[in-house]
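Read through the structure below, which is laid out as structure tokens, and then see the notes.
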Amino acid sequence: MVKHRLFALVVLVGLPCTSAAVARCPARAAPIKMGVLVGSLLDSTSGERIRYGRVLLGSRVAVMTDTLGEFVVKDVLFGRQSFRVQGLGYASQRVDVDVAADTVRLSPIRLARARALERANIIAP
């Protein structure tokens, strides 16, 4: 019984030291900062919104634009980021952006029409 009380006392006294040591640990000194990218895709000549376009950031799953051509990419690391935007019938484009705020609103991204669509094989049952 006395051993258990002594053990509990040692644990309780040692907790503040342990948490203080973790707080000073360089690996945990700065939390990882993430932001959100908000933007839209437009046709470069007509200015029409590009529906169901794709935004690819690294190896992440693509984010689709909505019916208004707008997109939101969450959990983007702070710093210089590069992403690719695509639309059916449009040439893809690479965009570089500095993420330095919680929310980064991009100016509309204008895509040029592709000269020809990529060839596709359609197989009917």
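The values are calculated or read from the model by the stated rules, or taken from the named source; none is laboratory data. Nothing here was measured: the structure is a model prediction, and the numbers come from that model. Here Cβ is always computed from backbone atoms with ideal geometry, including for glycine, and neighbour counts include all displayed protein chains. Accessible surface areas use protein heavy atoms only, side chains included; no ligands, DNA or RNA. Shrake-Rupley method; radii C 1.70, N 1.55, O 1.52, S 1.80 Å.
Is there a residue being at pLDDT 55 or above, in contact with a Gly (Cβ under 7 Å, 6 or more places away or on another chain) and not hydroxyl-bearing (Ser, Thr, Tyr) anywhere in segment 11-32?
no
Run THR67 past the list (1) β-branched (Val, Ile, Thr); (2) in contact (Cβ under 8 Å) with a residue 40 or more places away in the chain; (3) in contact with a Lys or Arg (Cβ under 7 Å, 6 or more places away or on another chain) and report the number of the one that doesn't hold.
(2)
Conditions first: (1) in contact with a Pro (Cβ under 9 Å, 6 or more places away or on another chain); (2) under 24 Å from ARG119 (Cα atoms); (3) part of a loop (DSSP other than H, G, I, E, B). ARG51 passes all but one, so which condition is the exception?
(1) is the only condition that ARG51 fails.
Specify the residue that is least open to solvent (accessible area, probe 1.4 Å); the eligible residues are those in segment 98-125 that are over 20 Å from ASP66 (Cβ atoms) and within 20 Å of the chain's Cα centre (by Cα). Quick ask: steps written out before the conclusion?
The first filter runs over segment 98-125 and keeps only residues over 20 Å from ASP66 (Cβ atoms), leaving 98-102, 112-125.
If we keep only those that are within 20 Å of the chain's Cα centre (by Cα) as well, we get 98-102.
Values: ASP98: 92, VAL99: 5, ALA100: 82, ALA101: 43, ASP102: 111 Å².
Filtering first and then ranking leaves VAL99.
Answer yes if at least one residue in segment 82-90 is open to solvent by 90 Å² or more (accessible area, probe 1.4 Å), assigned to a strand (DSSP E or B) and at pLDDT 95 or above, and no otherwise.
Scanning segment 82-90, I find at least one residue that is open to solvent by 90 Å² or more (accessible area, probe 1.4 Å), assigned to a strand (DSSP E or B) and at pLDDT 95 or above, so the answer is yes.
Considering each of LEU42, LEU56 in turn, give the residue that is open to solvent by less than 100 Å² (accessible area, probe 1.4 Å), within 17 Å of ARG105 (Cα to Cα) and either of a type in the set (Asp, Glu) or more than 19 Å from the chain's Cα centre (by Cα) (or both).
From the options LEU42, LEU56, the qualifying one is LEU42.
I'm checking my understanding of the structure. Among residues of segment 90-125 that are touching a residue at least 12 places away in the same chain (Cβ under 8 Å) and among the acidic types (Asp, Glu), which one is nearest to SER46 (Cα to Cα)?
ASP96
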